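The values are calculated or read from the model by the stated rules, or taken from the named source; none is laboratory data. This one's a predicted model, so the numbers in the text were calculated from it and none came from an experiment. Backbone-built Cβ (ideal geometry, glycine too); neighbour counts: all protein chains shown. With ligands, DNA and RNA removed, areas are computed over all heavy atoms of the protein, side chains included. Shrake-Rupley method; radii C 1.70, N 1.55, O 1.52, S 1.80 Å.
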Amino acid sequence: MKLYYVYILRCSDDLTYTGVTNNVSRRFEEHQKGLNKNCFTYKRRPVELIFSQEFTNIKQAIYFEKKIKKWSAKKKIALSNNQFDLLQILSECRNATHSKYKPNE
């Protein structure tokens with residue numbers, strides 16, 4: 001059975017990078033060694049692997065990767081630390097137009 005992984009790296013400048021691969025250790029080493037000068041992490045090394053999630057279906061892995069790529073760094077770090085309560089709080093809408101801020105009609 002082929003396995004796929006969604007992973008999050010924390011860069012030396014505290015930015016995060018999210019990717020998908022079929023080999024986390026190989027891909028981490030590629031980031032760490034700076035094999036691709038056009039890669040987001042190239043000038044942000046060293047990097048630290050802070051999260052990886054295993055999938056048996058590539059479509060599910062890509063879906064999850066695309067979803068968390070849109071998240072803030074705070075949410076990604078909360079996920080990596082298993083801080084699910086904080087993740088919930090960070091996921092709440094803080095916009096004044098959100099329904100929880102509207103008076104009862």
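Please report the projected area of the chain's Cα convex hull averaged over all directions, in nm². Don't jump to the answer; show the numbers that get you there.
Values: hull surface 35.5 nm².
Mean shadow area of the hull around the Cα atoms is 8.9 nm².
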Quick one: accessible area per residue over the chain, 1.4 Å probe, rounded to a whole number of Å²? 71
Given the options E54, E92, E30, state which has the largest fluctuation in a GNM of the chain using a 10 Å cut-off (strictly under) for Cα springs. E92
Listed by chain and number, the lysines with an alpha carbon less than 29 angstrom from that of K33, same-chain partners under 8 positions apart left out, are K2, K43, K59, K66, K67, K69, K70, K74, K75, K76
Under a no-solvent Debye model with one identical scatterer per Cα of region 35-78, what's log10 I(q)/I(0) at q = 0.23, 0.24 Å⁻¹? -1.04, -1.06
Explain nothing, just the number: relative contact order of region 1-83, from Cα pairs under 8 Å at least 6 residues apart, as a whole percent. 38
Tally Lys and Arg at +1 and Asp and Glu at -1 over the other residues with C-beta under 13 Å from the C-beta of I50: what net charge comes out? +2
For the chain, the longest principal axis of the Cα atoms and the Cα long axis of helix 24-33 enclose an angle in degrees, to the nearest 10, of 80
